Amino acid sequence: MGLFDRFSKVISSNMNALLDKAEDPQKSVDYLIEEMREQIRKGRQEVVQAVAAEKRLRAKVDEIDEQIDKWQRRAELAVQAGDENLAKEALLFKKKLVGERDRAEALRAEQRSQALQLKDDLERADAKLKELDAKKGTIVARYQQARAGGGAEALGARGDGPTPFDELRRMEEKMDRAQTEAEAMKEARDALERPADGRMTQGELEARFEQLEKGDSVDKSSSSGDDDVDDELRALRNKYRITS
């Protein structure tokens, strides 16, 4: 049960108590309003977390961009050293990074949109809470009317449009989606670390290029085909005027 669902259950229980028991309506309404204030305070914390998550994703995008540049340089180094298979491995790894970068950027943009929407929803919920607080005298009178025989409809429980509870439910749904997308991003990063069959792992590639960057000779590697990468490799050969 989500935070809002738990909150709604408490609210519902208290509404029923107001109708079924000889409670002080003023005290009960004050309690419900305070509960709403607490949920809005928690919502503000969620906004702060959403903004922080967007900043982390922005940093992740920048980090991947740096890695993409690094593996492009390494592919060029391998071509200049005459190891086109190793260059292809570098380009294939760069291609995976580009895919991860695109996913991270999409998540970052969505996270920013959600953070802005959460902030807007909070402001609307806060405005509704202030309105509710200002009208609590009328609400108490309506509770008393309902207890006198008007029923739940006398409380305006239906047909009056969105309530603060509706706003809070929408905010919780947005936060749940953000968490799901963050988990998907982690799965994508994990998948990046797993090489395809017959391919070198990132660690193996790092070791090969460390040797090459030091000027040491390395054994020529083999690599599987990829049309996009083959096109990039041909472009690098042309750039450095290397014939196959």
| task | Tell me the label-point distance for the pair Gln45, Asp231, using the 7 Å Cα-to-Cβ offset, in nm and rounded to one decimal. | result | 5.1 nm
| FRET efficiency, Gln202 to Glu34 (Cβ-Cβ, R0 35 Å, nearest 0.05) | 0.10
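Shape call for segment 21-113 from the C-alpha gyration tensor, a ≥ b ≥ c root eigenvalues: rounded (a/c under 1.5), prolate (a/b greater than b/c) or oblate? Walk me through the intermediate numbers first.
Numbers: a/c = 8.02, a/b = 5.74, b/c = 1.40.
Prolate shape, in that a/c is at least 1.5 and a/b is the bigger ratio.
Laboratory data are not the source of any read-out in this text; all were calculated from the coordinates shown. Bear in mind the structure is a predicted one, so any value in this text is a computation, not a measurement. Using ideal geometry, Cβ is built from the backbone for each residue, glycine included, and neighbour counts are taken over all protein chains shown.
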